[in-house]
Amino acid sequence: MELFYAPTSPYVRKVMASAIELGIAERIVRLPSAAHPLKRDERIAAFNPLAKVPAAKLADGTLLFDSRVICEYLNDSVGGSLFPRGAERWRVLTEQALGDGLLDAALLGRYEMTCRPSEHRSSEWAGGQMTKIAAALDHMEATVADFGSGITIGSLTIACALGYLDFRFADVDWRGTRPALATWFATISQRPSLSATVPAEG
C-alpha cells in the first residue's frame, strides 16, 4: 500500500500506529505530501477531492481515504482486533469519534490562528474550538475507566489526539485537572506503536 502522509498529521499517526499494532507497517510505502489547508497536493486531489492526508493507494488500484477508512481496511486485511464486533464495536467507534472530534477542533483552532491573516482572525472562533477540546477532555476523564486494557481504534485515536495537544498546544495543561486521563496516557504512550510515531517538525 502507498500512503500519502505528513509527519505532523495526527490522522497519519493514527494510521501508522494502527499498522504497527497490526504488524504490517513494513508493507506501507510512505509518500511525503505537501498537502496544506491553503495548498492542494494534486497527486492526492487526482483521486481524493478533499486533497487531504492520509490517502492510500492499494496494489490493486483501490483508492482509500480518510484515516477511519484506512485503519479499518488495515485491520480487516489481517483479521485484526482494533475494531471489535458486537456491542463493543459501538463503544469503540464512539471513542474514535471523540478522539477525531478533539483533533478536528484542535486543527480548526490552530488554522484560525496560524493560517488566516492576522487581521481576519477570530479569537471567538478559536475560543469556541478550545471549549470543544476542554469538553472532550472532561468526557475522556469521566470515561477513561471504560477504555479498557486492550488496544482498539478508539484508544489509539484518543492517544493520538492527546499527543497532538502536547505537540501543538503545549501551553494547555490538560493533565492538571484530569489525573486519571493523564495516567492512562502515560501508560499507553509507552507502546511501540505510539512511541515510534511521536510527531516532530521535519
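The values are calculated or read from the model by the stated rules, or taken from the named source; none is laboratory data. What you see is a predicted model; the values in this text were computed from it and never measured. Backbone-built Cβ (ideal geometry, glycine too); neighbour counts: all protein chains shown.
Being of a type in the set (D, E, K, R), surrounded by fewer than 17 Cβ atoms within 10 Å (Cβ to Cβ) and outside the structural domain of Lys39 (by TED's automatic domain parsing): is that true of Glu95 here? Break it down into steps so the answer makes sense when it comes.
Details: of a type in the set (D, E, K, R): yes; surrounded by fewer than 17 Cβ atoms within 10 Å (Cβ to Cβ): no; outside the structural domain of Lys39 (by TED's automatic domain parsing): yes.
Taking the combined requirement at face value, the residue does not satisfy it.
Any idea which residue in region 98-123 is farthest from Leu181 (Cα to Cα), counting only those that are surrounded by 11 or more Cβ atoms within 10 Å (Cβ to Cβ) and of a type in the set (Gly, Ala, Ser)? So, considering only residues that are surrounded by 11 or more Cβ atoms within 10 Å (Cβ to Cβ) and of a type in the set (Gly, Ala, Ser), the one farthest from Leu181 (Cα to Cα) is Ser122. Among the residues of region 34-48, is there at least one that is among the acidic types (Asp, Glu), surrounded by 20 or more Cβ atoms within 10 Å (Cβ to Cβ) and at pLDDT 95 or above? No: zero hits.
For residues in region 45-77 being in a loop (DSSP other than H, G, I, E, B) and aromatic (Phe, Trp, Tyr), which is farthest from Pro10 (Cα to Cα)? Before you say what the answer is, go through the steps one by one.
If we filter region 45-77 for residues that are in a loop (DSSP other than H, G, I, E, B), which is where we start, we get 46-54, 58-62, 65-66.
Those still in the list that are aromatic (Phe, Trp, Tyr) too: 47, 65.
On the way: Phe47: 21, Phe65: 14 Å.
In this case the residue turns out to be Phe47.
For (1) touching a residue at least 12 places away in the same chain (Cβ under 8 Å); (2) of a type in the set (S, T, N, Q), each residue gets a yes or a no:
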{"position": "Leu64", "(1), (2)": "no, no"}
{"position": "Cys71", "(1), (2)": "yes, no"}
{"position": "Gly80", "(1), (2)": "yes, no"}
{"position": "Arg89", "(1), (2)": "no, no"}
{"position": "Thr94", "(1), (2)": "yes, yes"}
{"position": "Leu103", "(1), (2)": "yes, no"}
{"position": "Arg110", "(1), (2)": "yes, no"}
